[in-house]
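This report concerns only the one structure given below.
Please treat every number below as a calculation from the coordinates, not as lab data. Since we're looking at a predicted model, the values are computed, not measured. As a convention, Cβ positions derive from the backbone with ideal geometry for all residues, glycine included, and neighbour counts pool all protein chains shown.
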Amino acid sequence: MQLFYSSGSPYARAVRVALRETGLLARVAERETTLRDPGAVVLPHSPVGRVPTLVLADGTVLTETALILPYLDTLGGAYPLLPPATLSRCGQVLGLLEGMAVWNRELRRPEHERSPGVIALETTRVNRVADTLEAQGWTAPARPDAADILLGCALGYAERRHRAWPWRQGHPALARVFDTLAERPSFRDTLPPLSGI
C-alpha cells in the first residue's frame with residue numbers, strides 16, 4: 001500500500017500517526033506529494049489530488065481521513081481506532097479541523113480577496129467546538145483512538161500552521177491532552193513545518 005501525504009496537512013498527519021500507533025506503518029509506503037500542483041505525484045492515482053490518499057494493494061484508492069481511518073481498523077492493527085464510543089468525538093474534532101482549514105485558507109488569500117464573513121463564521125465555529133471539547137473533560141489517553149489522534153493533529157495544526165488562533169486561552173484541559181500527545185513518538189515523527197499564519 002502507498003499513502004500520499006503532505007507534511008503540512010493535519011488530515012494526512014492523522015493517518016500517519018494512526019499507522020504508527022497501531023503498528024501498521026511497516027505495511028504502508030509513505031510518499032510525500034505537493035498539493036494544488038498539476039505535476040503532483042498523487043494525481044495519477046487520484047484525480048481529487050488531496051491528501052491523505054491511500055492506494056491499496058489491488059489498486060483501490062481511498063481519499064479522506066474519515067474513510068481511511070475506519071479502513072485501517074480492518075487491517076488488524078494493535079488496537080481499534082474507532083470503537084463506537086469514539087464516533088461522536090471524531091465528528092466534533094473533524095468539524096474543528098474543517099473550521100480551522102477554511103479560516104486558514106481565507107487568511108492565505110490576498111487581503112482584498114478575503115471574506116470577513118467566512119473568517120468570522122469559522123472563528124466562531126472553532127471556538128464553539130473547542131469550548132465544547134474542553135467542557136467534556138478530555139484527558140490524555142494511554143492508547144490514542146482516532147478522536148484523540150485527530151484532536152492532537154488539529155491542535156498541532158493550530159500550534160504550527162494556524163497560529164492566528166490562540167487556542168490555549170481558556171482550554172487548559174485540551175492543552176494538557178495536546179502536550180501529552182505531542183510527546184509521543186508518532187506525533188514527533190510527523191511534526192508539520194511552521195507556517196507564517
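Quick notes on this one:
- For the chain, size of Cβ-based charge dipole, Lys and Arg +1, Asp and Glu -1, in debye: 280 debye
- Among 162, 45, 112, the largest mean-square fluctuation in a Gaussian network model of the chain, built with springs joining Cα atoms closer than 10 Å, belongs to 112.
- Calculated [θ] (222 nm, deg cm²/dmol) that DSSP helices of n ≥ 4 give over the chain, each run adding -39,500 (n - 2.57): -15000 deg cm²/dmol
- Peptides 87-98, 113-124, 67-78 ordered by average Cβ neighbours within 10 Å, highest first: 87-98, 67-78, 113-124
- With distances taken between every two different alpha-carbon atoms, the stretch 9-129 has a Kirkwood hydrodynamic radius of 16.2 Å.
- Distance from the C-alpha centroid of the stretch 129-160 to that of the stretch 35-109: 17 Å, rounded to the whole angstrom.
- Overall, the stretch 2-73 carries a charge dipole of about 140 debye about its Cα centre when +1 sits on the Cβ of Lys and Arg and -1 on the Cβ of Asp and Glu, all other atoms neutral.
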